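Below: one structure, written as structure tokens.
The values are calculated or read from the model by the stated rules, or taken from the named source; none is laboratory data. If you're wondering where the values come from, they're calculated on a predicted model, not measured in any experiment. Cβ placement follows ideal geometry from the backbone for every residue including glycine, while neighbour counts extend to all protein chains displayed. Calculation scope for accessible area: heavy atoms of the full protein, side chains included, ligands and nucleic acids excluded. Shrake-Rupley method; radii C 1.70, N 1.55, O 1.52, S 1.80 Å.
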Number of protein chains: 4
Amino acid sequence: MGTGDADEDLIRSLIARLSNWGRFGADDQRGTLNHIGPEQILAAKDCIRSGSVVSMTLPYDSAGPQIGGIGRNNPQLFMLASGTDYLAGRQDPLPGAWGAARGMGYADDYLVMPTQVGTQWDSLAHVFFDGKMYNGRSASEVGTQGAAHNGIENYHAKLVTRGVLLDIPRLLDVDCLEPGTAITIEHLDAACERQGVQVGTGDALVVRTGFLEQRRRDWGDFGRGGDAPGLSLHTLPWLHEHEVAAVATDTWGVEVRPNEVAFFQPFHIVGLTHMGLAIGEIFDLEAIADASAADGQYDFFFSADPLPLTGGIGSPVSALAIR
Amino acid sequence: MGTGDADEDLIRSLIARLSNWGRFGADDQRGTLNHIGPEQILAAKDCIRSGSVVSMTLPYDSAGPQIGGIGRNNPQLFMLASGTDYLAGRQDPLPGAWGAARGMGYADDYLVMPTQVGTQWDSLAHVFFDGKMYNGRSASEVGTQGAAHNGIENYHAKLVTRGVLLDIPRLLDVDCLEPGTAITIEHLDAACERQGVQVGTGDALVVRTGFLEQRRRDWGDFGRGGDAPGLSLHTLPWLHEHEVAAVATDTWGVEVRPNEVAFFQPFHIVGLTHMGLAIGEIFDLEAIADASAADGQYDFFFSADPLPLTGGIGSPVSALAIR
Amino acid sequence: MGTGDADEDLIRSLIARLSNWGRFGADDQRGTLNHIGPEQILAAKDCIRSGSVVSMTLPYDSAGPQIGGIGRNNPQLFMLASGTDYLAGRQDPLPGAWGAARGMGYADDYLVMPTQVGTQWDSLAHVFFDGKMYNGRSASEVGTQGAAHNGIENYHAKLVTRGVLLDIPRLLDVDCLEPGTAITIEHLDAACERQGVQVGTGDALVVRTGFLEQRRRDWGDFGRGGDAPGLSLHTLPWLHEHEVAAVATDTWGVEVRPNEVAFFQPFHIVGLTHMGLAIGEIFDLEAIADASAADGQYDFFFSADPLPLTGGIGSPVSALAIR
Amino acid sequence: MGTGDADEDLIRSLIARLSNWGRFGADDQRGTLNHIGPEQILAAKDCIRSGSVVSMTLPYDSAGPQIGGIGRNNPQLFMLASGTDYLAGRQDPLPGAWGAARGMGYADDYLVMPTQVGTQWDSLAHVFFDGKMYNGRSASEVGTQGAAHNGIENYHAKLVTRGVLLDIPRLLDVDCLEPGTAITIEHLDAACERQGVQVGTGDALVVRTGFLEQRRRDWGDFGRGGDAPGLSLHTLPWLHEHEVAAVATDTWGVEVRPNEVAFFQPFHIVGLTHMGLAIGEIFDLEAIADASAADGQYDFFFSADPLPLTGGIGSPVSALAIR
């Protein structure tokens, strides 16, 4: 932890240097996803080689990593109609004068989940600094009815691009980075070199720490708030320079915890709020890491588009690597 | 409406002829999605021509089509933390001893929605007949904890394939098919011919009726239970023969309403329960229809993969046509 | 509707005259419920004459009056465990290694409801004026985590007192007051006289309009926001003078709608926010009115205590007249 | 634990001896609450001596005893409107063309809670045995839409009677009964004698173990499923003979855990399902025990009426001892 003053100087200096406010238009609500265009999608297409699909989404269920902190419970499903009701004769006649069922029955359910509890994208309304969110909009726009601007619906139909996996534990020949380990620019460059892959404009950078795999059966404080490996604040210039569209990791908060400076989640303050960087969390990277190591291909068609939840602060996502 | 006996004969005859129970293995939970393999994904890849992305998902919000019948309300977001709280000074100190916020704040939200209220896939646990669901499993497996088999998680990472739009109102030179209008095999063949497109093994067939667009600003009974245009029960042999993987429409229930026989949702009984056909509903097809008409390309890379909601009866989805 | 300026003068004059801020202590969070003490409870005891109990609570279910405006849906129950599951054999073995069920099963449920949708008390955190709530506390204390002060838990174990029903339609010999009809001081005095009852310090005043009964089977806009009969803003001095502890009616908002001045819900602004008056809404008064008319006894032991929902803005309630 | 066969004999013998099925009518849904009539209410009235009110309800909030087992989370409140929104200027104009706020604002909330997580009544639809619930009704009546019979609404306006506290730890001169300690008939008789109180027809028997107080700041497995002190199965004949209307304790399940026989919750099987005994759980008895010890009065007016949640399996409750 720094002294505070130096930390504030650092944060404000990074903001001054890396901010994308206004860069994509005064009304922009998509941030670095603007780096994705037809060229990137056509490049992504070329990454489909064998026609296989690998999921990077953790199942949404009661076995998830949450322990209830700050209101974040694991996903729940409630049933509006069930097969057991139907077998017990409680669905005939059908509701609404739909006629006699004559052997037919149905099940229906209700999804109840905080958007931040599993594999997810943060929206640009997720983090504020000095009263503002991305592109200078006031935090006052995010009230009980959701985000009037910068909601997750702005990411919808935009999160398809080329994805690149950088496998840091494999680079370092460990199973898992330890909590508190910061991934640096040097790690990113070394992984690119070792894997024989380049990161370029509009790419989704997928960074593996191994942490989710290690905790999969005994989550502990993995879900929220605990210490974790993750990206150093100091990688943001690199991400900015490479014009990365999105970054996703297998941890709850992308950035290393404890934080490197005396600000809470400074990578989010600079990256999400000021660069408008799309941030993905709790991605399950075990399968794609295995597949990539097996054939040496670390790029793929990255299909991880969020639901258009109007005003949403985040969204669960089916995150796929199509190869 | 038929006489009942003749209707039952028809239904049972279709089931006998079209059932896929056992076809993909005794333990199969994916049905016709088994028609999608590497070959189909590589064919889908070839449909990406200009690198554009078109959404087929209706926004999930309070402006949606639901009116509360059988427990189905429009999606709601609840906030666990807000920008207005933050501005009012209610987020410093941060929860959980995370340290002083020093200007940083955050928003967080909670998604509450029935899975069947907007653009969605039905799982193979959604409809029962004679006590059973797809592949002969008992309806008893679908209780208050969700579906022990055939849940929507089985579709995850499987719903990427070539998509083909058949635009029936454009074929018939009308804005919208009227409620009660059944789309027949003849319509499907004529649309393929007019559009210069083929439907083949593993394709996702996307059929436009125009109904969602017509009702978009004044939904009425669009959401659930009302009369609607849709696929005739008698198209199922065609879908079976063409080995379609999935079918999606811009109506609440895919099939024509009122039903053509004295069974409730017979297309679901035969198609979903017995063929194991993936069924998508409330797809918003206005933009893709316009794009397709403009350039004459009616096939695309269909990326519409559901969330892995363990035991889920359905799932909201980001449905994309990548072209 | 007034001109605005005169209305504002009126409102501010009423506030100046009737405010109880500071009256019950700088830290008070109970407002007029402070008028209830042992003397009132012993007086209430004397109203129990025959040992009968009459409910004034409308059932909480999907048949309730709500139509979904401003997020207010009718109450829902979701099942965590059901009898149909149990019959289908899905509860053996029991969860958590509780042992073999041996014939035993259970049901469990989940209550999901806005607190303002049925019979309910408003808390003193429900309405703000000029940035403040009751007793001068800032509205900033009411954020996504609920009310830091003035929450409904402050009413818990305080809402037991003598109740007095004033039956205004019976006074006027009509079934129901028409929407827009303001109940005046003259009405209240006339009803007291005709019914032979006095209203005094610490009483819960229960005022019947007949509106709920008239709309019971076809709610229309009864639930929220529609026109309604109700108490005139000008009865507040009478309520203040009589030291009423609480007032409850059979309408959604207690006060007459449309409002009598160009402020939204001025009775709430003056009465709830400044007097700290306990306000009860959507009470079902048909049965107590019939019972009272039958035996001529209009007072009763009023047992209508809210749940201690920490930080809650309102609470559903079992409201009983014990006579 | 017994051998199984002997246990089954015991359970079936107790059922044969104590069952109230049919006793209160073939359609009865209230069980032992039928013991409460005008005589009991008038006797309860006489217990109001000083005009004081003591709460027996634990606050409903995130500090509650639940740890999420079998879907039971602590209560949550979600805000539909907040003071912080209002201060940030997000509530003017008001929704629904209600006019200009002119300084007025409001908060609104949403209650989300399992009914069994805090102070609560079980309904007679909560426990099944041999396929049936109270009064011989089939468990099939309890499906995803709740209980078609025996729902908690049948208790509404019935749970007002004389209450009697039996303070077992005070009898035994300990702070708290240890988990696994069974309260016997001898304990009940001794407490009555020492406290100078009688238990009679229609009384609500409130039995203190001290367990809630001991665990209040560190719940552990208090909430559900853990070992606990509680009533012995063998007290049921005593409760039957004394014609008790209801029994409530300061534990999660009233009966001693581990169970005394090889059936899960046998007190519920015999008492709730067959006697139709009203069972209250997680009552907070610290304050009433202190008050009773101070003045030696162990009976009171017991006002603990549940919400009429149509079809509900349980209900939160404001449980009051009025003395």
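Taking into account only those residues within region A:265-290 that are of a type in the set (Gly, Ala, Ser) and within 23 Å of A:Phe211 (Cα to Cα), which is most open to solvent (accessible area, probe 1.4 Å)? I'd like the intermediate steps shown before the answer.
At the first step, the residues of region A:265-290 found to be of a type in the set (Gly, Ala, Ser) are A:271, A:276, A:278, A:280, A:287, A:289.
Remaining after also requiring within 23 Å of A:Phe211 (Cα to Cα): A:271, A:278, A:280, A:287, A:289.
On the way: A:Gly271: 0, A:Ala278: 0, A:Gly280: 0, A:Ala287: 50, A:Ala289: 1 Å².
Applying the filter and picking the extreme gives A:Ala287.
Go through D:Gly51, D:Gly37 for me and flag whichever is within 24 Å of D:Ser123 (Cβ to Cβ) and of a type in the set (Gly, Ala, Ser).
Step by step, each of D:Gly51, D:Gly37 is checked, and only D:Gly37 is within 24 Å of D:Ser123 (Cβ to Cβ) and of a type in the set (Gly, Ala, Ser).
Among the residues of region A:21-29, is there at least one that is more than 13 Å from chain B (Cβ to nearest Cβ), open to solvent by less than 30 Å² (accessible area, probe 1.4 Å) and free of Cβ contacts under 8 Å to residues at least 24 places away in the same chain?
The answer is yes, given that some residue of region A:21-29 is more than 13 Å from chain B (Cβ to nearest Cβ), open to solvent by less than 30 Å² (accessible area, probe 1.4 Å) and free of Cβ contacts under 8 Å to residues at least 24 places away in the same chain.
Which numbered condition trips up B:Ser50, out of (1) facing chain A (nearest Cβ under 7 Å); (2) more than 30 Å from A:Leu77 (Cβ to Cβ); (3) modelled with pLDDT under 95?
Checking B:Ser50 against (1) facing chain A (nearest Cβ under 7 Å); (2) more than 30 Å from A:Leu77 (Cβ to Cβ); (3) modelled with pLDDT under 95, the one that fails is (3).
State whether the residues of region A:301-312 include one that is more than 9 Å from chain B (Cβ to nearest Cβ) and free of Cβ contacts under 8 Å to residues at least 60 places away in the same chain.
no
Can you name the residue in region D:217-276 that is free of Cβ contacts under 8 Å to residues at least 24 places away in the same chain and among the acidic types (Asp, Glu) and is also farthest from D:Met133 (Cα to Cα) among such residues?
Within region D:217-276, the match that is farthest from D:Met133 (Cα to Cα) is D:Asp218.
Any residue in region C:133-148 that is at the interface with chain D (Cβ under 9 Å from one of its Cβ atoms) sitting within a Cβ distance under 6 Å of a residue that is open to solvent by less than 10 Å² (accessible area, probe 1.4 Å) and part of a strand (DSSP E or B)? List the pairs, counting only those 6 or more apart or interchain.
C:Ala139/C:Phe128; C:Thr144/B:Met79; C:Thr144/B:Ala81; C:Thr144/D:Met79
Restricting to helices (runs of 4 or more DSSP H) lying wholly in region D:172-260: which have 2 or more residues that are assigned by TED's automatic domain parsing to the domain that holds D:Leu285 and under 15 Å from D:Asp284 (Cα atoms)? Walk me through it before giving the result.
Details: elements: D:185-195, D:211-215, D:236-241.
Correct list: D:211-215.
Let me spell it out: the conditions are (1) free of Cβ contacts under 8 Å to residues at least 40 places away in the same chain; (2) under 20 Å from the mean Cα position of the chain (by Cα); (3) not in a loop (DSSP other than H, G, I, E, B), and C:Val54 meets all of them except one. Which number is the exception?
Of (1) free of Cβ contacts under 8 Å to residues at least 40 places away in the same chain; (2) under 20 Å from the mean Cα position of the chain (by Cα); (3) not in a loop (DSSP other than H, G, I, E, B), only one is false for C:Val54: (1).
Please go through region D:213-237 and pick out each residue that is open to solvent by 10 Å² or more (accessible area, probe 1.4 Å) and in contact with a Ser or Thr (Cβ under 9 Å, 6 or more places away or on another chain).
The one that is open to solvent by 10 Å² or more (accessible area, probe 1.4 Å) and in contact with a Ser or Thr (Cβ under 9 Å, 6 or more places away or on another chain): D:His234.
Report, by residue number, each residue of region A:280-294 that is assigned to a helix (DSSP H, G or I), touching an Asp or Glu at 6+ places or on another chain (Cβ under 9 Å) and small (Gly, Ala, Ser).
A:Ala289, A:Ser292, A:Ala293, listed by residue number.
Test each condition in (1) touching a residue at least 60 places away in the same chain (Cβ under 8 Å); (2) farther than 12 Å from B:Ser315 by Cβ; (3) at the interface with chain A (Cβ under 9 Å from one of its Cβ atoms) for B:His156 and report the one that comes out false.
Every condition holds for B:His156 apart from (2).
Within region A:170-196, count every residue that is open to solvent by less than 10 Å² (accessible area, probe 1.4 Å) and farther than 14 Å from A:Val254 by Cβ.
Matching residues across region A:170-196 total 1.
Which of (1) among the aliphatic types (A, V, I, L, M); (2) open to solvent by 10 Å² or more (accessible area, probe 1.4 Å); (3) touching a strand residue (DSSP E or B) at 6+ places or on another chain (Cβ under 6 Å) is the odd one out, the single condition A:Ala262 does not satisfy?
(3)
Any residue that is more than 29 Å from C:Phe300 (Cα to Cα) and not in a helix (DSSP H, G or I) - is there at least one of those in region C:12-21?
yes
Against the condition at pLDDT below 95 and under 30 Å from D:Phe211 (Cα atoms), how does D:Gly99 come out, does it pass?
No; evaluated as a whole, the condition is false for this residue.
Please indicate, with yes or no, whether at least one residue in region B:142-163 is over 21 Å from the mean Cα position of the chain (by Cα) and hydroxyl-bearing (Ser, Thr, Tyr).
Taking every residue of region B:142-163 in turn, at least one turns out to be over 21 Å from the mean Cα position of the chain (by Cα) and hydroxyl-bearing (Ser, Thr, Tyr).
Return the pairs, sorted by first residue and then second, in which the second residue is of a type in the set (Gly, Ala, Ser) and surrounded by fewer than 18 Cβ atoms within 10 Å (Cβ to Cβ), the first residue lies in region D:5-19 and is on the phi < 0 side of the Ramachandran plot, the beta carbons are less than 8 Å apart, and the residues are 6+ apart or on different chains.
Correct list of pairs: D:Leu10/D:Gly2.
Might you let me know whether region C:65-74 holds any residue that is open to solvent by less than 20 Å² (accessible area, probe 1.4 Å), at pLDDT 95 or above and under 23 Å from D:Pro306 (Cβ atoms)?
No, the conditions are met nowhere in region C:65-74.
Could you check A:Arg208 against (1) surrounded by fewer than 20 Cβ atoms within 10 Å (Cβ to Cβ); (2) away from chain B (no Cβ under 14 Å); (3) in contact (Cβ under 8 Å) with a residue 12 or more places away in the chain and say which number it fails?
Only one criterion in (1) surrounded by fewer than 20 Cβ atoms within 10 Å (Cβ to Cβ); (2) away from chain B (no Cβ under 14 Å); (3) in contact (Cβ under 8 Å) with a residue 12 or more places away in the chain is unmet by A:Arg208, namely (1).
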